Amino acid sequence: MQNILVTGGAGYIGSHTVRALLKEGFKPIIIDNLVYGHKYVIKKLGNVEFIEGDIGDSKLIRQIFSRFSIDAIIHFAAYAYVGESCIDPIKYYKNNVFSSINLINEIVNFSKNQDRMIPIVFSSSCATYGIPKTIPITESTPQLPINAYGNTKLIIEKVLSDYGKAYGLSSISFRYFNAAGASSDGLIGEDHNPETHLIPLAIMATSKKSTPLSIYGNDYPTKDGTCIRDYVHVEDLANAHILGLKKLLSSDEKIIEYYNLAMGKGYSVMDIINSVEKVTNLKVNYKIGNRRIGDPSMLVANASKAFVELKWKAKHTNIDTIIKHAYLWHKKLLSKKT
């Protein structure tokens, strides 16, 4: 059984990936500082090794490497609020860049005395592309981030590339678009505080007690005037990480690769609201507000490289299904908190 260190494994995408690892016969070891992860999620995952700590703690990382004989790493741990990253970039560069580089340095230092370099799957982001001039977005689309969060992800992609060339570190960076949904069995799902993602916010806005959901502009050059985004089910994202991991573990050659993870189909804000109303049979309370600075009218990706090279194929391709899973989870989450 191969030991996989999962940083940020108590978070949204990380916890779904831990479940996928267990299903595939791997032994996940989670490290999470629980700033945005949740201890109750660890309990739901079952018999998994959990270490509460920070990837910036070199001594702790060395202890983990020595104790568990780590075969590979999946690196999720990061702060991911775009707006906050612009207001408080120190927080984002310290955690997403400095701590990540510390982890990567420890990988290289530890691996020098081993038979092979420990490979890493990196959770990157479509935020590295900024506002693309052409749609759909491919892996060769110029990366021009417009916020600190996107910059931090791009920096780590470049670090991994440089370390790969210099030290033989293999890596796969996944640039995902809008992660959405929850586990299809309702066990785990999205639980952010504050919540900024459209689907859970629209679900919350079906409550009579909720404040209206703000739609940031309805005068974009799209079919209904609202922004269009590419949504991908969180379980499909998790499965992509397993395929990337297997590619790294099975190769004796150095790998430095990048893959978009997306559906290749866009849905507008109003599409999402209409789907939430259809799935829940409730009205979404919303209001039209002003545009946000930097919001492109459309972000849709081409993920054919992952389809072809990793044989990745999404199982949940219907937006109503994605929203249904999210709704069932949020109903359960709300009942726990009331």
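Couple of notes before you dig in:
- Failed item, numbered, when residue 106 is tested on (1) touching a strand residue (DSSP E or B) at 6+ places or on another chain (Cβ under 9 Å); (2) acidic (Asp, Glu); (3) over 22 Å from residue 234 (Cα atoms): (1)
- Look at (1) polar (S, T, N, Q); (2) farther than 21 Å from residue 299 by Cα; (3) touching a residue at least 60 places away in the same chain (Cβ under 8 Å) and you find that residue 100 fails only one, number (3).
- Restricting 205, 238 to residues that are assigned by TED's automatic domain parsing to the domain that holds residue 74, closer than 28 Å to residue 84 by Cα, modelled with pLDDT of 95 or more and aliphatic (A, V, I, L, M) narrows the list to 238.
- Within this structure, residue 305 passes the test of being in a helix (DSSP H, G or I), touching an Asp or Glu at 6+ places or on another chain (Cβ under 9 Å), touching a residue at least 40 places away in the same chain (Cβ under 8 Å) and within 22 Å of residue 157 (Cα to Cα).
- For residue 331, the stated conditions hold: it is surrounded by fewer than 14 Cβ atoms within 10 Å (Cβ to Cβ), in a helix (DSSP H, G or I) and not β-branched (Val, Ile, Thr).
- Across the stretch 172-192, the number of residues qualifying as of a type outside the set (Val, Ile, Thr), more than 30 Å from residue 144 (Cβ to Cβ) and touching a residue at least 40 places away in the same chain (Cβ under 8 Å) comes to 7.
- Those helices (runs of 4 or more DSSP H) of the stretch 11-122 in which 1 or more residues are of a type in the set (S, T, N, Q), within 18 Å of the chain's Cα centre (by Cα) and in the same structural domain as residue 238 (by TED's automatic domain parsing) occupy 12-23, 82-87, 100-111.
The values are calculated or read from the model by the stated rules, or taken from the named source; none is laboratory data. Worth saying up front: this structure is predicted, and the values here are computed from it rather than measured. Counting neighbours? That spans all protein chains shown, and the Cβs are built from the backbone with ideal geometry, glycine included.
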